[in-house]
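The values are calculated or read from the model by the stated rules, or taken from the named source; none is laboratory data. Nothing here was measured: the structure is a model prediction, and the numbers come from that model. Note that each Cβ is placed from the backbone with ideal geometry, even for glycine, and that neighbours are counted across all protein chains shown. Surface areas here come from the heavy atoms of the whole protein model, side chains and all, with no ligands, DNA or RNA. Shrake-Rupley method; radii C 1.70, N 1.55, O 1.52, S 1.80 Å.
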Amino acid sequence: MEAFVKDYDKVIKKQRMLETNDPLDRLINIVNEAKDKIRADPSSVSASLTALGKTIKTVSSGISEEHKELQSALSKYSKAIDKRFTGDMIAAINPHAFDNKENILRNTIAMHFIRQGNFEIGDTFAKEAGLKLPESMRHKFMEMFEIVEALKVNSLEPALEWSTRHRRELEKRSSILEFKLHRQRYLQLLEASRKEDAIAYAKQNFGYFGTRHTQEIMRLMGCLLFFDRIKSSPYADLIAPNANADIQHMFTRDFCSLIGLSCESPLYISVTVGTQAMPTIIKMSSIMKAKKTEWSQQSELPVEINLTDDTKFHSIFACPVSKEQATDENPPMMMVCGHVICKESLVKLSRSVPNGRLKCPYCPTESMSSQAKNVYF
Amino acid sequence: MNKINHDQLLSLEHPFIKIPVEKFRSSLKTEQKHIEKEIAHLTNTVSEISKKSQHGIMDANQVQTALEAIVSRLSTLKRRLTETRAEESLYSQRTKVRLQHLQEFTAIPTLDSDEFGRWSRVRLNRILIDYMLREGFRETASYLAKSENMEDLVDIELFVQSAKIEQALNKYSCSECLQWCNENKSSLKKIKSTLEFSLREQEFIELARERRSQDAIAYAKKHLTPWQETHMKELSQVMALLAFPPDTKCQPYKRLYDKSRWRNIISQFRSNNFALQFFTPEPLLNVTLQAGLSALKTPMCYLPEHRNINCPVCDPHTLGLLATDLPLSHHFNSSIVCRISGQIMNEDNLPMALPNGYVYSYNALAQMASLNGGKITCPRTGAVFDIAQVKKVFIS
Ligand SMILES: [Zn+2]
Ligand SMILES: [Zn+2]
């Protein structure tokens, strides 16, 4: 890419040369010169005009030479672009996949901006596209971003107030946000060398979490022993450099979870996964086009698209024996040894052994097929 | 760590770089054409002046005046070219900025890095602005481009002219679009466009609708006959309209009179316009979204008991609805996601089965046990177990 960028600089250089030495100015100059000469010496008319004719010839051939050079450099570059960027999306496009669903897509876009805290863009878009956004969502995200802004400047109070207010719902989701916020506030006081305040804060707030976070509270109080040098003590890990970012993330995640939404914008996830998948989809669709089929008309993609861990949302169990994906009719079964295969494979394996004792394909353990148990991922 | 395959992802950026380079090229061509014409004119004029002065038709003063006229003509051209030249520097600069944007991308090592997240968000905004421009939401597009400081990364101006032409077509006027056809004659020929014929046909149909037969015939003679070699069949069909009233039930004349033909013309213009300017025929948003939704879509997405709020396809009112007609993803390899923490189970975070067969990740169960005195509650069944009862599961 670097060389490719540098090649373009050469084109720009040629363009700059033409820009600073304007062909029209050059022509104007020579005509003016001839005119001045004639004014100074009217008897030189014929000689000056002949000279002018010649100069025009040389200057203009120079100009067209420069133009040609720039043109050809640019058209060469344009061809190089075709060679460098070869992803031909046309085969992968299905113009009808979203037919009659424009408004769903547009609502998703508007919500995407609201979710990013980009309220003005979201509103402008909704207005231009004639959408009605749910007021309640807007209010909720405004509340969320106010709290996040406060967290960014290390002010934990709004987040604490919110999490105490939603304590029961948060606990139902095994959230530890409220405790983490108190913990953070306590550590902030210690870092600011306010030992007495920190102890008072702990007395006032840790009690409620005594049974759930016993270990952690013991450590938090233990670090008082090293109050003046926590960073070089066994408690150094308590002061993590990205604690603030972690808390922000935990808060947005829990906040979104409480209003039943994902923590990341679904549009962002889908488009990012889609761009990653495009090269594979393009390759596949051009092969399929040659066979006169459309990838988007299939019930299942014929190729596997690898997802990064953070975009895997459902458990996929592919039987290591049959390579088939588990279904309700063909569920995953765990044998005594803990290895899991699909039911159909288990049945097939046990058919081939007379006494019903089958050997696990992945370890030496033998067991009865009836001992295998359904597992649910 | 997820490495980025830069070359593969860069290969998708063809329009991004090609569009400004081609705009630069075409402005340059325009300028060059003007200057060449001017030089030819200049050479002629000077030689004429020279002749006239030799034959004594012009004296020295008259020659000076004539030369002055040349200078003012050159200056006028210079002024007239200001816009073209501004375009040249704009698109040349824009190409440079875009190349740098891609170069930044090549320096990002992994998909998990913050830099990749930032770059991807800019890319998403690019994709969204492209969508808005195509759908005619120019206000939001400009606002977003401006507030995100990415005006050089999007092509707002390129939609100004086409929006005007579409507006005219929406008001049943062909002339703006015909003018555009004329300006782009050679490029349209190259892509074998029949847009101009469709427009001519439509103008004829409108005359026939008003029952102005004489005008219609005159129009056809002038504008339709040049197409007879390639479009004889359509030509005779459309001529036959003169014999049928606009409310005819007879096909194909009923169809020719149908106002919905105008919509076809608009889409024909759009696709020609996109092809000429190297835009993809469909918005990138639709293309990438289809690929992404398909890659994410699983049978579980449509089963309420398997719903994951973090999964885009699982939302039955938004993206899930968009994905209904798309293919499901396909997997040859297992990947097991913890229903408590959302984390992937692997060697670092083993899958553990409860006595009821439900599997969760070790980390999530351990945290739950530590908060609840060693007890675990299965979130899907409500059954309570002791942490000691869980059993390792092996997924190969
Ligand atoms: Zn085994
Ligand atoms: Zn899903």
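Annotations for the structure displayed:
- Annotation: B:LEU144 fulfils all but one of (1) farther than 24 Å from B:ARG123 by Cβ; (2) outside the structural domain of B:ILE205 (by TED's automatic domain parsing); the unmet one is (1).
- Those residues of the stretch A:89-133 which are in contact (Cβ under 8 Å) with a residue 24 or more places away in the chain and in a helix (DSSP H, G or I), in sequence order: A:MET89, A:ALA91, A:ALA92, A:ASN103, A:ARG106, A:ASN107, A:THR108, A:ILE109, A:MET111, A:HIS112, A:ILE114, A:ARG115
- Residue count for the stretch A:11-46, restricted to those that are surrounded by fewer than 12 Cβ atoms within 10 Å (Cβ to Cβ) and closer than 30 Å to B:ASN5 by Cβ: 0
- Residue within the stretch B:285-303 that is at the interface with chain A (Cβ under 7 Å from one of its Cβ atoms), surrounded by fewer than 22 Cβ atoms within 10 Å (Cβ to Cβ) and within 9 Å of ligand 2 (Cβ to nearest atom) present: yes
- Any pair with Cβ under 6 angstrom, 6 or more apart, that starts in the stretch B:372-396 at a residue that is under 30 Å from A:GLU324 (Cα atoms) and ends at one that is open to solvent by 60 Å² or more (accessible area, probe 1.4 Å): B:SER396/A:TYR362
- Restricting attention to the stretch A:340-377, the residues being open to solvent by 30 Å² or more (accessible area, probe 1.4 Å) and either near ligand 1 (Cβ under 9 Å from one of its atoms) or not hydrophobic (A, V, I, L, M, F, W, C) (or both) number 20.
- Figure legend. Inter-residue proximity from the stretch A:364-375: first residues within 11 Å of another protein chain (Cβ to nearest Cβ), second residues open to solvent by 70 Å² or more (accessible area, probe 1.4 Å) and more than 9 Å from ligand 1 (Cβ to nearest atom), beta-carbon distance below 9 Å, spacing 6+ or different chains. Indicated pairs: A:ALA372/A:LYS343; A:ASN374/A:LYS343.
- Enumeration of residues in the stretch B:207-222 that are under 16 Å from B:SER236 (Cβ atoms) and exposed (fewer than 12 other Cβ atoms within 10 Å of the Cβ): B:LYS221
- Test: A:ILE176 is open to solvent by 20 Å² or more (accessible area, probe 1.4 Å) and in contact with a Gly (Cβ under 8 Å, 6 or more places away or on another chain): no
- Among the candidates B:GLY342, B:GLY357, B:GLY320, residue that is facing another protein chain (nearest Cβ under 9 Å) and at pLDDT 95 or above: B:GLY357
- Close pairs from the stretch A:327-346: first under 16 Å from A:CYS363 (Cα atoms), partner among the charged types (D, E, K, R) and within 16 Å of ligand 2 (Cβ to nearest atom), Cβ under 8 Å, at least 6 apart: none
- The condition of being of a type outside the set (Ser, Thr, Tyr), facing another protein chain (nearest Cβ under 10 Å) and under 24 Å from B:PHE269 (Cβ atoms) holds for only one of B:ARG121, B:ARG138, that being B:ARG138.
- Members of the stretch A:318-334 that are within 16 Å of ligand 1 (Cβ to nearest atom) and in a loop (DSSP other than H, G, I, E, B): A:CYS319, A:PRO320, A:VAL321
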